Amino acid sequence: MTDLFEPLSIHAITLRNRIGVSPMCMYSYSDGFSNDWQVTHLGARAAGGAGLVIAEATAVEPRGRITAHDVGIWSDAHIDGHRRVTRVIKASGAVAGIQIAHAGRKAGSRRPWESPKPVGQEESHGWQGLGPSPIAFSQDYAVPHEMSVQEIKEVQNAFCAAAQRALAAGFEWLELHAAHGYLIHSFYSPLSNQRTDEYGGSFENRIRFLLETIRAIRPVWPEQLPLTVRISGTDWQEGGWTVDESVRLARHLKTEGVDLIDCSSGGGVAQARIPFGPGYQLPISEAIRSGAEILTAAVGLITLPAQADEIIRQGQADLVLLGRELLRDPYWPLHAAQVLKQPAPIPPQYLRAF
Ligand SMILES: Cc1cc2nc3c(=O)[nH]c(=O)nc-3n(C[C@H](O)[C@H](O)[C@H](O)COP(=O)(O)O)c2cc1C
């Protein structure tokens with residue numbers, strides 16, 4: 001039976017275990033450049049024993065940042081900084097992943113520790129969010145610009161260029177951010193997409209933006225490296241995107257050459273009632289894994305070693321991603337290995353402590 005500490009191979013890449021660092025924005029950068037904080041933050045978690053370390057939502061164009069402090073990959077000048085990150089992660093035996101992202105209509109927010117409210121019109125210097133339709137995320141947000149077909153193609157090209165830069169920087173795992181109410185999710189959710197052209201209306205039309213983006217990326221991202229997508233498996237809202245639609249979407253993504261679906265949820269509806277609790281998003285992963293016969297990552301309030309191990313043993317997911325628990329304890333994988341009596345990837349320099 002497969003367990004948490006069994007390696008996971010996808011094409012030419014092998015994770016030493018099935019524990020990944022979920023992408024987490026640090027909002028600590030200027031002009032999108034990676035810096036010492038990101039190297040320290042991600043490097044510590046690689047040394048902590050994770051098999052996969054996914055760098056946070058990384059903007060494919062400046063207006064696609066959630067905040068003005070996001071990290072980015074919209075220019076070749078960003079590559080060197082990202083290369084430092086991948087080098088440090090790999091030196092500790094983990095695989096370096098990156099999530100490429102566009103914030104869509106949720107762009108122009110403030111850092112969460114500053115204010116939950118977005119930047120006001122007068123401060124935004126003309127930075128307007130983008131969306132499929134002119135529908136604001138909430139009353140605090142500005143109405144986004146409704147994208148033309150030409151603008152859709154431009155953003156898809158930006159995702160493609162970002163993937164090329166990620167490869168040049170040494171990332172070996174690419175995750176497309178299609179969750180949490182950001183641009184791509186806002187296209188496939190009927191709550192934010194009310195278009196009447198080929199990008200709106202039917203299920204096939206709403207997922208078109210995502211499928212075309214994958215088609216733009218696939219030729220530049222090598223077949224031997226994992227290509228993955230994070231989706232919001234449900235909007236948790238009447239009339240919104242559903243788990244059944246996620247299963248259908250995952251089948252399409254598999255056909256397009258996607259290797260794994262990272263199963264998150266929500267973020268598209270400000271007032272959604274989400275049933276937070278241990279492993280609350282696991283049913284989404286299970287449904288997609290069995291319904292689309294594709295590898296999945298589970299995420300969301302996975303905090304205990306036995307819980308994570310059971311998810312893999314029961315076949316609810318192929319990989320577990322931890323967010324906040326790995327912020328609290330970068331050495332969680334080493335501690336989990338001890339608890340589960342598995343060989344731990346302890347750095348030799350730390351052996352006397354474990
Ligand atoms: C500080 C912080 C930043 C986050 N940034 C991102 C992000 O950049 N991309 C993303 O897809 N999810 C992001 N998330 C969501 C996490 O990746 C994860 O899905 C969520 O926290 C649930 O997992 P957890 O219960 O293990 O924390 C963030 C979460 C936190 C706490």
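Every number here is computed from the coordinates shown, using simple stated rules; none is lab data. Bear in mind that the values here come from a model prediction, so they are computed numbers and not experimental data. No Cβ is skipped: glycine too gets one built from the backbone with ideal geometry, and neighbour counts run over all protein chains shown.
When its C-alpha radius of gyration is set against 2.2 N^0.38 Å (N residues), the range 8-353 gives a value of 0.94. Of R328, R208, R87, which has the largest mean-square fluctuation in a 10 Å C-alpha GNM of the chain? So, out of R328, R208, R87, the one fluctuating most is R328.
Taking S192, S124, S285 in turn, the Gaussian network model of the chain (Cα-Cα springs below 10 Å) assigns the largest fluctuation to S124.
For the range 66-124, the list of GluC sites (Glu not before Pro) that fall in a loop by DSSP and count at most 12 other C-beta atoms within 10 angstrom reads E114. For the range 178-184, 3J(HN,Hα) computed residue by residue from phi via the Karplus equation (6.51, -1.76, 1.60; θ = phi - 60°) reads 10, 10, 6, x, 7, 3, 5 Hz, glycine and proline entered as x.
Orientation-averaged projection of the range 1-129 equals 9.2 nm² [convex hull of Cα atoms, one quarter of hull surface area]. Quick one: net charge of R83's neighbours, Cβ under 15 Å, K/R +1, D/E -1? Net charge in that neighbourhood comes out at 0. Only DSSP H runs of four or more residues enter the estimate; each adds -39500 (n - 2.57), and after division by the residues of the chain the mean residue ellipticity at 222 nm equals -9000 deg cm²/dmol.
For the chain, modelled as a GNM whose springs connect Cα atoms under 10 angstrom apart, the maximal fluctuation among A162, A297, A272 occurs at A272.
Of the GluC sites (Glu not before Pro) found in the range 167-219, those that fall in a DSSP loop while having at most 16 other beta-carbon atoms within 10 Å are E198.
If one computes the Cα centroid of the range 144-206 and of the range 279-332, what distance in Å separates the two points? About 25 Å separates the Cα centre of the range 144-206 from the one of the range 279-332. The ellipsoid equivalent to the alpha-carbon distribution of the range 214-354 has semi-axes of 29, 20, 14 angstrom, derived from the gyration tensor eigenvalues as √(5λ) and listed largest first.
Residue pairs exceeding 30 angstrom between C-alpha atoms, taken from K90/K341; K117/K254; K90/K117: K117/K254; K90/K117.
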